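J.: Shown below is the structure under consideration.
The values are calculated or read from the model by the stated rules, or taken from the named source; none is laboratory data. None of the values given here were measured: they were computed from a predicted structure. Using ideal geometry, Cβ is built from the backbone for each residue, glycine included, and neighbour counts are taken over all protein chains shown. For the accessible areas, the whole protein counts, side chains as well, though only heavy atoms, and no ligand, DNA or RNA atoms are used. Shrake-Rupley method; radii C 1.70, N 1.55, O 1.52, S 1.80 Å.
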Amino acid sequence: MAEPVDYVVVGLGALGSAAAWQLARRGHSVVGLDRFALGHDRGASHETSRILRHSYHTPGYVELTLEAYADWADLEESSGESLVTTTGGLDLFPPDPAISPSDYLASMDEVGIAYDVLDADEVTRRWPAFRLPEGTLALHQADAAIVPAARGTAAMQAQARRHGADLRGEQPVLGLVDHGGAGVEVGTASGTVRCRGVVVTADAWTNDVLRHLDVDVPLEVTWEQVTYFSPAEAARFAPGTMPLWIWMDDPSFYGFPTYGEQTVKAAQDCGGPSIDPDDRGADVVDAAMLERLSTFMGEVLPGSGAPVRSKRCLYTLTPDRDFVLAPVPGHDGVVVGLGAAHGFKFAPTFGRLLADLVTTGSSATDLTAFRMDRPALTDPDYAANWLV
Ligand SMILES: Cc1cc2nc3c(=O)[nH]c(=O)nc-3n(C[C@H](O)[C@H](O)[C@H](O)COP(=O)(O)OP(=O)(O)OC[C@H]3O[C@@H](n4cnc5c(N)ncnc54)[C@H](O)[C@@H]3O)c2cc1C
């Protein structure tokens, strides 16, 4: 006998935990399923910190960040936890950058986000830890903030459970049968759950779940690495004296002020090798990635010190690096949420929008750019570009 519930969420990382919370707080019965134990470090939502920012390359994303800030505030109020640490943020464009500042300027102007344009000397005057090449242009946005990855995800799981959601770890979904208007059956090793709709937030394993519907999304999974450096003078890297930063070039790097410990975290964006998420083995430090990052840190943040530890994490990239936030074509009862390796800042928003889509089939927010039938996901000749 299939167990009847209103909605099932497949994958309880940040996005799925947010969806379970939003569905349960609306009074729906919810079962959340994850293949690993809740809070595991095999996916993309573990570890310490993630960047929350307004600066983005399209007005659509900048608009969506307004919702993200509001949804994080909602989560803080609901959970009673302080989750958003405002530090300010610098987008650093060296001479002849691979990523154009004009998209960021125009997008923030169109939405009305305030920012300062600074040159290399002004950056170093305000934040002396930086050593920037002559001609670097910097956009400083004062609201940029740090949100906690593992702790933020756990906060959303706690809110989901507080509203009655039944979250089950070590329950891999092994089957999915869409009966159209009669609902969807979700198969696990310990039985079948029958529901009105399913939210699939399985990130690197999205196609593992969608293959049960004969659907395949062109995704690239990469094995990323973040590293913590130990500065001799940690106070020079503390929030208030150091903003978070993104190096807008190829390769692209990003980093944080000290956060909960006297270390400076940094990483390369899209610097990791492609990988099968089921074939990654134990976490090992990638020496070449570490060398590349350490060389960069030595040049741009010479006081950041020696690397003390590294942590691996999975990126799941769509060819255009845009999200998936949409029903599966032909399967209105199955909606997919995928953050394209920049979704954590939007996790509470993803949860709210996925709950809208699976319960009503629509959303007040324009999600056209995130449809599953868009050219980047359907045209086999689409030229991938992850550097945005
Ligand atoms: C190093 C790194 C730095 C990042 N920095 C930022 C940042 O600064 N700002 C930002 O906004 N974003 C950032 N991101 C991206 C962001 O972390 C991700 O987009 C987000 O965490 C994805 O969340 P998720 O819930 O979709 O994925 P995950 O957390 O990976 O969750 C997917 C879940 O699905 C489960 N699952 C898979 N298959 C099944 C199955 N068959 N049955 C049941 N469960 C299943 C998995 O066990 C997993 O728990 C970063 C990512 C990485 C890796």
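J.: (1) touching a helix residue (DSSP H, G or I) at 6+ places or on another chain (Cβ under 6 Å); (2) open to solvent by 50 Å² or more (accessible area, probe 1.4 Å): which one isn't true of residue 227, the others all being true?
T.: Condition not satisfied by residue 227: (2).
J.: For region 235-342, please list each of the strands (runs of 3 or more DSSP E) lying entirely inside it that holds at least 3 residues being open to solvent by 30 Å² or more (accessible area, probe 1.4 Å).
T.: Result: 306-317.
J.: If you don't mind, there's one more thing I want to ask. Which condition number in (1) touching a residue at least 60 places away in the same chain (Cβ under 8 Å); (2) of a type outside the set (Asp, Glu); (3) in a strand (DSSP E or B) is the one that residue 347 fails?
T.: That leaves (3) as the condition not met.
J.: Take residue 160 and tell me if it is modelled with pLDDT of 95 or more and within 15 Å of the ligand (Cβ to nearest atom).
T.: Yes.
J.: Looking at 163, 179, which one is open to solvent by 60 Å² or more (accessible area, probe 1.4 Å), without any contact (Cβ under 8 Å) to a residue 12 or more places away in the chain and over 30 Å from residue 299 (Cα atoms)?
T.: None of the other options fit; the residue is 179.
J.: In addition: Taking region 358-376 as the search range and keeping residues that are touching a residue at least 40 places away in the same chain (Cβ under 8 Å) and in contact with an Asp or Glu (Cβ under 8 Å, 6 or more places away or on another chain), which one is nearest to residue 341 (Cα to Cα)? Outline the logic, then answer.
T.: Within region 358-376, the first condition is being touching a residue at least 40 places away in the same chain (Cβ under 8 Å), and the residues that meet it are 358-359, 365-367, 369-374, 376.
Narrowing further to those that are in contact with an Asp or Glu (Cβ under 8 Å, 6 or more places away or on another chain): 365, 369-370, 374, 376.
Numbers: 365: 21, 369: 16, 370: 14, 374: 18, 376: 16 Å.
So, considering only residues that are touching a residue at least 40 places away in the same chain (Cβ under 8 Å) and in contact with an Asp or Glu (Cβ under 8 Å, 6 or more places away or on another chain), the one nearest to residue 341 (Cα to Cα) is 370.
J.: Scan 322, 381, 373 and give me the residue that is out of contact with any Pro (no Cβ under 8 Å at 6 or more places or on another chain), over 29 Å from residue 132 (Cβ atoms) and away from the ligand (no atom under 16 Å from the Cβ).
T.: After ruling out the rest, the residue left standing is 381.
J.: If you go through region 119-153 one residue at a time, how many are open to solvent by 40 Å² or more (accessible area, probe 1.4 Å), of a type outside the set (D, E, K, R) and closer than 21 Å to residue 18 by Cα?
T.: Filtering region 119-153 down to residues open to solvent by 40 Å² or more (accessible area, probe 1.4 Å) leaves 119, 121-122, 124-126, 128, 131, 133-135, 137, 142-143, 150-151.
Still in the running and of a type outside the set (D, E, K, R): 124, 128, 133, 135, 137, 142, 150.
Of the ones still in play, those that are also closer than 21 Å to residue 18 by Cα are 150.
Qualifying residue count, region 119-153: 1.
J.: So if I check each of 209, 198, 215, which one is in the same structural domain as residue 12 (by TED's automatic domain parsing) and open to solvent by 20 Å² or more (accessible area, probe 1.4 Å)?
T.: Exactly one residue qualifies, and that residue is 215.
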